[in-house]
1. Suppose we filter the range 318-334 for residues that are under 20 Å from Val346 (Cβ atoms) and surrounded by 24 or more Cβ atoms within 10 Å (Cβ to Cβ); how many remain?
2. With the condition kept exactly as written, say whether any residue in the range 261-268 is crowded, with 16+ Cβ neighbours inside 10 Å and free of Cβ contacts under 8 Å to residues at least 24 places away in the same chain.
3. Test Glu319 against the criterion of being over 21 Å from Gly221 (Cβ atoms) and either at pLDDT below 95 or away from the ligand (no atom under 11 Å from the Cβ) (or both), and give yes or no.
4. Under 6 Å between Cβ atoms, which residue pairs at least 6 apart in sequence (or on different chains) link something in the range 42-68 that is in contact (Cβ under 8 Å) with a residue 24 or more places away in the chain with a partner that is part of a loop (DSSP other than H, G, I, E, B) and open to solvent by 60 Å² or more (accessible area, probe 1.4 Å)?
5. Being farther than 23 Å from Ala321 by Cβ and assigned to a strand (DSSP E or B) narrows it down to one residue among Ile241, Ile160, Ile166, Ile211; which is it?
6. I want to confirm something. Restricting to the range 95-114 and keeping residues that are of a type in the set (Asp, Glu) and either in a loop (DSSP other than H, G, I, E, B) or in contact (Cβ under 8 Å) with a residue 12 or more places away in the chain (or both), which single residue is nearest to Phe410 (Cα to Cα)?
7. Within the set of pairs 6 or more residues apart or between chains, which connect a residue that is more than 14 Å from Cys340 (Cβ to Cβ) inside the range 371-395 to a residue that is of a type in the set (Asp, Glu) with Cβ atoms less than 7 Å apart?
8. Scanning for something surrounded by 16 or more Cβ atoms within 10 Å (Cβ to Cβ), more than 9 Å from the ligand (Cβ to nearest atom) and farther than 29 Å from Lys255 by Cβ, does the range 340-361 turn up at least one residue?
Amino acid sequence: MSEFEKDVFKIKIDEVNINGEGVGFLQDNIKVCVKNVLPGEVVKVKSIFKKNNFIKAELIEVLESNQNRIKPVCPYFSLCGGCDYQQLKNVDAIKQKKQIFENYFKDIYTKEIEFIDNNKPFEYRNKASFIVKNGKVGFQKEGSNNIVEIENCCIVKPEINKVLSIFRKWLNLTKEENVNHIVIRVLNKKLIITIVCASTIKKVDLLVEKIKECFKDNSFGVYLNFNSSKNKILGDKWKHIYGLKVLEDVFDDVKYSVHPNSFMQINDEVRNILYKSVQEEIKNEVVIEGYSGAGLLSGILCKTAKEVIGVEINKNATENANKLKEENNLTNLQNINGDCKNVLPVLAKKYKSAIFVIDPPRSGCDQNTLQSLKDNYISKVVYVSCNPYTLKQNLRFLSDIFNVEKIKMFNMFPNTSEVETLTVLSRK
Ligand SMILES: C[S@@+](CC[C@H](N)C(=O)[O-])C[C@H]1O[C@@H](n2cnc3c(N)ncnc32)[C@H](O)[C@@H]1O
């Protein structure tokens, strides 16, 4: 029987790819991808998916290990599907991420990429979404329907783990079956807890009482979110149950607030460094900021820019951005609630000398916008991205008209293979 036909087999890992998967080959032409391994390792794996000349496998045992391998801190590592790099010290993980990233972009950008890290690989995430199913609370094992029950996640802020524990006790007590997810977000030591449910739930007051035993009255808020769709975590219907309605903080003298339905970068400290790096790219120009979220970056850019126009599709986020404009008295900020693919091409036509700052979701920047940047002689684009794959596709599309001046990487997601990037493009 060839190795391809066996479910369990041995493989040597040649390299780790941009998704954090180790890659090896069977019989020279069958590609095997497996998570949580390191270059040069020989590992025993189990096939979980096979198609043509491709196998996705899961790690069973490391037979010969890379010299940098360490024992992961977390007992759920490789089970919960969250972290990819706990088998490396942060310093080695950074080296590996940087090398993989530089290699991935080498046909577009040949200079060394600056890698910015704040050396805080644990307790950094300000948000976590846990699945709730059959009385279990945890993360979904990658490629399966199984829930890995989580008592304590070491990359989330400690407040999140406290709420998780209270919620689990409440769930065990009430046997509530209508909850699908619990989403917990922390900012400046305050929390908003969103209970995502198929229909209304009983005894939510008891949950609030239990949270009050641990957190002060004015330090948290609770929402119900109604969602029966399996495709996304949050639905469109919200009901405020208790306490805070938004989370608030100040950065760089800009007061801002975030609704639980608005996007917020998940690592506060690295976000601050990223935003200041974007600001360094702006002098006294008009800035068109696509995918502007709850407006904190817009508020910071307003300090150096002549004028900032933010475009955001999510109504709650635009409301937050309007509140930010008002509370900080930013007369040079305009927030537009709309779809970038319709609004940015119009703005590109009108403001040909503007700098475009874009920070799209993982799916990347829409084609209409990219085309309009080319057609309207836009001279400078600052592109913030959390997905190297779509970033590369979009940069390729722009490459006949724009030069890539600079790429910086930000370790927004330590212990995982993901990175945040800032790319500066200038017209050729
Ligand atoms: C990666 S987040 C960046 C938000 C903001 N720049 C920040 O740092 O918080 C992407 C944002 O794009 C918004 N968005 C997604 N698709 C959009 C579209 N087609 N048009 C406008 N905004 C969109 C999302 O709601 C989200 O707020």
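1. Residues that pass the stated criteria total 2.
2. No, the range 261-268 has no match at all.
3. Taking the combined requirement at face value, the residue does not satisfy it.
4. Once the first residue is in contact (Cβ under 8 Å) with a residue 24 or more places away in the chain and sits in the range 42-68, its partners that are part of a loop (DSSP other than H, G, I, E, B) and open to solvent by 60 Å² or more (accessible area, probe 1.4 Å) give Lys46/Asp7; Ser47/Asp7; Ile48/Gly143; Asn53/Asn29.
5. Within the list Ile241, Ile160, Ile166, Ile211, the selection yields Ile241.
6. Step by step, filter the range 95-114, then rank; the result is Glu114.
7. Qualifying pairs under 7 Å: Val382/Glu281; Cys386/Glu418; Cys386/Glu420.
8. So far as the range 340-361 goes, yes, one or more of its residues are surrounded by 16 or more Cβ atoms within 10 Å (Cβ to Cβ), more than 9 Å from the ligand (Cβ to nearest atom) and farther than 29 Å from Lys255 by Cβ.
The values are calculated or read from the model by the stated rules, or taken from the named source; none is laboratory data. Because the structure is a prediction, the values reported are computed rather than measured. Heads up, the Cβs are rebuilt from the backbone with ideal geometry, glycines too, and the neighbour counts pull from every protein chain shown. Surface accessibility is based on the protein's heavy atoms, side chains included, excluding ligands, DNA and RNA. Shrake-Rupley method; radii C 1.70, N 1.55, O 1.52, S 1.80 Å.
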